[in-house]
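J.: Structure incoming, see below.
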Amino acid sequence: MKAINVGLCGVGTVGGGTATVLKRNGNEIARRAGRPIVITMAANRDLDRARELVGDDVLLTDNAMDVVNNPDIDIVVELIGGTTVAKDLVLAAIANGKHVVTANKKLIAEYGNEIFALAQEKGVMVAFEAAVAGGIPVIKALREGLTANQIEWVAGIINGTSNFILTEMRDKGSAFADVLAEAQRLGYAEADPTFDIEGHDAAHKLTIMSAIAFGIPVQFDKAYLEGISKLDAADIKYAAELGYRIKLLGMTRRRPNGIELRVSPTLIPAGRLIANVDGVMNAVLVKGDAVGATMYYGPGAGAEPTASSVIADLVDITRLHTADPEHRVPHLAFQPSQIANLPILPIDEVETCYYLRLTAKDLPGVLADVTGILAEGQISVDAMLQKPAAAAGGTAEIIIVTHIAIEKNINIAIAKIENLASTHGKVVKLRLEHLNG
Ligand code: NDP
Ligand code: HSE
């Protein structure tokens with residue numbers, strides 16, 4: 001049967017992995033897809049490097065638009081990254097009637113609505129499994145496997161670089177900068193690694209999962225994000241003493257008045273499976289009303305794991321491209337006419353548990369003042385830990401874990417605690433999720 005011709009744009013970590021796996025497993029993939037899937041053209045800035053990775057029989061160019069405009073190409077694979085060239089070439093490919101596969105979460109989270117609308121108009125598919133959690137087929141699970149469910153929440157460790165850094169800092173006491181450099185060397189980090197450590201990358205992925213879980217447009221601009229760069233080693237240690245692990249967690253939850261969409265360093269009970277997802281591994285926990293909690297685990301980054309998802313999309317498109325466009329799986333799982341207009345809730349409206357750490361004079365009545373303020377805000381204390389002062393009259397660290405509270409009440413209480421004459425400096429606030437199935 002006639003082969004499907006793939007045009008590969010970007011032959012870097014993921015592009016190289018895709019070429020390697022397609023070559024190595026080509027026969028097996030063809031048996032599954034029903035026809036061979038072959039890279040016939042590739043674009044890369046460095047043509048020598050591309051030649052090494054894609055082999056001699058692939059047409060090469062340094063202009064990605066040559067791929068998009070080649071009438072012989074059936075599917076364009078965008079693995080350049082960013083939202084400049086990548087966006088232009090994806091929109092041009094769709095306009096030319098070509099299907100698109102991309103691993104670019106930033107592009108989908110920020111411009112997905114525009115891209116899917118054009119794809120629908122042109123009757124082509126845009127597939128993005130590799131954009132979320134690297135090699136884990138979580139988009140497929142959310143969009144198809146869990147389609148019977150009302151999704152209640154999705155929580156994920158979805159940035160391999162941050163998880164790798166937190167794990168190495170905790171287990172080996174390594175310095176933040178050294179572990180980040182190692183993550184870059186291993187090809188885990190984004191071209192600009194601040195996207196990883198400041199939570200943007202995780203928020204891009206969470207935005208995409210939230211849209212698919214709840215049938216809403218992608219709305220990255222409304223996501224709340226906080227990264228790991230300001231996380232203090234002391235909090236990792238105190239959290240462990242209280243029986244928690246800190247992870248960069250993405251959480252999106254359906255509430256009666258809207259959707260929570262947030263990424264932040266979060267305490268998780270140490271006994272939960274997801275709290276033990278370490279290194280570059282990712283995990284996504286999904287709570288559906290019928291199935292209960294299901295967890296998806298695997299490598300969240302790296303050349304071949306991500307290629308695994310890219311190629312799964314190529315096979316899906318190959319199988320479906322002769323089907324009537326109206327009967328394909330919708331991009332965001334829900335039929336385009338059924339996308340809901342639920343608001344994304346501001347971070348002040350979020351309801352969760354909190355970890356607070358404050359420094360206070362070790363004097364009688366201080367704890368009573370602090371707990372009095374919490375009580376005024378309807379904030380109930382779940383656990384408390386006091387680290388004794390070195391000498392009488394010195395300062396002590398007080399760690400408080402709360403039951404579920406509204407974030408704005410927590411912020412009001414923190415402002416009052418910081419104003420007490422008996423406390424020093426800023427109160428550290430981290431969110432805490434029990435993630436009960
Ligand atoms: P790389 O930087 O390794 O690869 C990108 C490639 O595209 C490079 O070879 C780059 O060349 C080339 N390139 C850049 N601009 C152009 C251009 N204008 N025309 C032609 N080629 C160009 O990135 P990754 O492979 O790591 O990432 C690719 C995408 O996959 C990104 O969207 C990323 O977020 C996503 N992703 C990455 C994962 C990973 O583990 N790395 C996992 C999941 C998703 P040059 O080197 O000269 O800049
Ligand atoms: N930089 C990303 C990560 C790559 O570390 O998870 C995978 O999307």
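The values are calculated or read from the model by the stated rules, or taken from the named source; none is laboratory data. All values reported here derive from a predicted model rather than from experimental measurement. Methodologically, a virtual Cβ is constructed for each residue, glycine included, from the backbone with ideal geometry; neighbour enumeration extends over all protein chains shown.
J.: What residue, of G156, G199, G123, is assigned by TED's automatic domain parsing to the domain that holds V76 and of a type in the set (G, A, S)?
T.: From the options G156, G199, G123, the qualifying one is G123.
J.: Condition first: in contact with an Asp or Glu (Cβ under 8 Å, 6 or more places away or on another chain) and outside any helix (DSSP H, G or I). Now tell me which residues in region 311-332 satisfy that.
T.: Within region 311-332, H321, V329 qualify.
J.: Kindly indicate whether any position in region 54-66 is closer than 19 Å to T306 by Cα and either crowded, with 22+ Cβ neighbours inside 10 Å or of a type outside the set (A, V, I, L, M) (or both).
T.: Yes, because at least one residue in region 54-66 is closer than 19 Å to T306 by Cα and either crowded, with 22+ Cβ neighbours inside 10 Å or of a type outside the set (A, V, I, L, M) (or both).
J.: Still on this structure, please answer the following. Could you list, in sequence order, the residues of region 282-302 that are buried (at least 22 other Cβ atoms within 10 Å of the Cβ) and within 16 Å of ligand 1 (Cβ to nearest atom)?
T.: Hits for region 282-302 are N282, A283, V284, G300, A301.
J.: What is the number of the single condition among (1) in contact (Cβ under 8 Å) with a residue 24 or more places away in the chain; (2) of a type in the set (D, E, K, R); (3) surrounded by fewer than 22 Cβ atoms within 10 Å (Cβ to Cβ) that R45 does not meet?
T.: Answer for R45: the failing condition is (1).
J.: Follow-up question, since we're still on this one. Mind listing whichever residues of region 186-204 are hydrophobic (A, V, I, L, M, F, W, C) and crowded, with 19+ Cβ neighbours inside 10 Å?
T.: If the condition is that a residue be hydrophobic (A, V, I, L, M, F, W, C) and crowded, with 19+ Cβ neighbours inside 10 Å, then A189, F195, I197, A202, A203 are the ones that fit.
J.: When K98 is evaluated against the numbered criteria (1) within 14 Å of ligand 1 (Cβ to nearest atom); (2) touching a strand residue (DSSP E or B) at 6+ places or on another chain (Cβ under 6 Å), which criterion, by number, is the only one it fails?
T.: (1)
J.: Looking for something crowded, with 16+ Cβ neighbours inside 10 Å and among the hydroxyl-bearing types (S, T, Y) - is there at least one such residue anywhere in region 140-159?
T.: no
J.: Let me ask you something else. Output the number of the condition that E190 fails; it satisfies all remaining conditions of (1) farther than 14 Å from T266 by Cα; (2) in contact (Cβ under 8 Å) with a residue 24 or more places away in the chain; (3) out of contact with any Asp or Glu (no Cβ under 6 Å at 6 or more places or on another chain).
T.: So the condition that E190 fails would be (3).
J.: Of the conditions (1) within 22 Å of A175 (Cβ to Cβ); (2) assigned to a loop (DSSP other than H, G, I, E, B), A234 clears all except one; give me its number.
T.: Status for A234: all satisfied but (2).
J.: Hey, another quick one. Inspect region 49-70 for any residue being closer than 29 Å to I208 by Cα, part of a strand (DSSP E or B) and either small (G, A, S) or at pLDDT 95 or above (or both) and give the result as yes or no.
T.: No - not one qualifying residue is present in region 49-70.
J.: List the number of the failed condition for L118; all other conditions in (1) over 17 Å from the mean Cα position of the chain (by Cα); (2) in the same structural domain as A86 (by TED's automatic domain parsing); (3) among the hydrophobic types (A, V, I, L, M, F, W, C); (4) crowded, with 22+ Cβ neighbours inside 10 Å hold.
T.: Unmet for L118, out of (1) over 17 Å from the mean Cα position of the chain (by Cα); (2) in the same structural domain as A86 (by TED's automatic domain parsing); (3) among the hydrophobic types (A, V, I, L, M, F, W, C); (4) crowded, with 22+ Cβ neighbours inside 10 Å: (4).
Residue-wise test of (1) within 30 Å of Q386 (Cβ to Cβ); (2) away from ligand 1 (no atom under 14 Å from the Cβ).
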{"residue": "A189", "(1), (2)": "no, no"}
{"residue": "I197", "(1), (2)": "no, yes"}
{"residue": "S210", "(1), (2)": "no, yes"}
{"residue": "A213", "(1), (2)": "no, yes"}
{"residue": "Q219", "(1), (2)": "no, yes"}
{"residue": "Y224", "(1), (2)": "no, yes"}
{"residue": "S229", "(1), (2)": "yes, yes"}
{"residue": "D232", "(1), (2)": "yes, yes"}
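J.: With the condition kept exactly as written, say whether any residue in region 22-33 is surrounded by fewer than 21 Cβ atoms within 10 Å (Cβ to Cβ), within 23 Å of T84 (Cβ to Cβ) and in contact (Cβ under 8 Å) with a residue 12 or more places away in the chain.
T.: no
J.: Hey, another quick one. Does G81 qualify as being under 28 Å from the mean Cα position of the chain (by Cα) and in a loop (DSSP other than H, G, I, E, B)?
T.: For G81, the condition - under 28 Å from the mean Cα position of the chain (by Cα) and in a loop (DSSP other than H, G, I, E, B) - is met.
J.: From the list V21, V90, V76, V11, exactly one residue is assigned to a loop (DSSP other than H, G, I, E, B), touching a helix residue (DSSP H, G or I) at 6+ places or on another chain (Cβ under 7 Å), assigned by TED's automatic domain parsing to the domain that holds N113 and away from ligand 2 (no atom under 16 Å from the Cβ). Which is it?
T.: Exactly one residue qualifies, and that residue is V11.
J.: Out of the residues in region 130-176 that are touching a residue at least 40 places away in the same chain (Cβ under 8 Å) and of a type in the set (S, T, Y), state the one that is nearest to ligand 1 (Cβ to nearest atom).
T.: T161
J.: Read through the list (1) closer than 22 Å to E260 by Cβ; (2) loosely packed, with under 12 Cβ neighbours inside 10 Å, then give the number of the only condition that L432 fails.
T.: (2)
J.: Among the residues of region 177-185, is any without any contact (Cβ under 8 Å) to a residue 60 or more places away in the chain, touching a Pro at 6+ places or on another chain (Cβ under 7 Å) and surrounded by 18 or more Cβ atoms within 10 Å (Cβ to Cβ)?
T.: First pass over region 177-185, keeping only residues without any contact (Cβ under 8 Å) to a residue 60 or more places away in the chain: 177-182, 184-185.
Filter once more, so that each one left must be touching a Pro at 6+ places or on another chain (Cβ under 7 Å): 180, 184.
Subset that is surrounded by 18 or more Cβ atoms within 10 Å (Cβ to Cβ): 180.
Scanning region 177-185 turns up at least one residue that is without any contact (Cβ under 8 Å) to a residue 60 or more places away in the chain, touching a Pro at 6+ places or on another chain (Cβ under 7 Å) and surrounded by 18 or more Cβ atoms within 10 Å (Cβ to Cβ).
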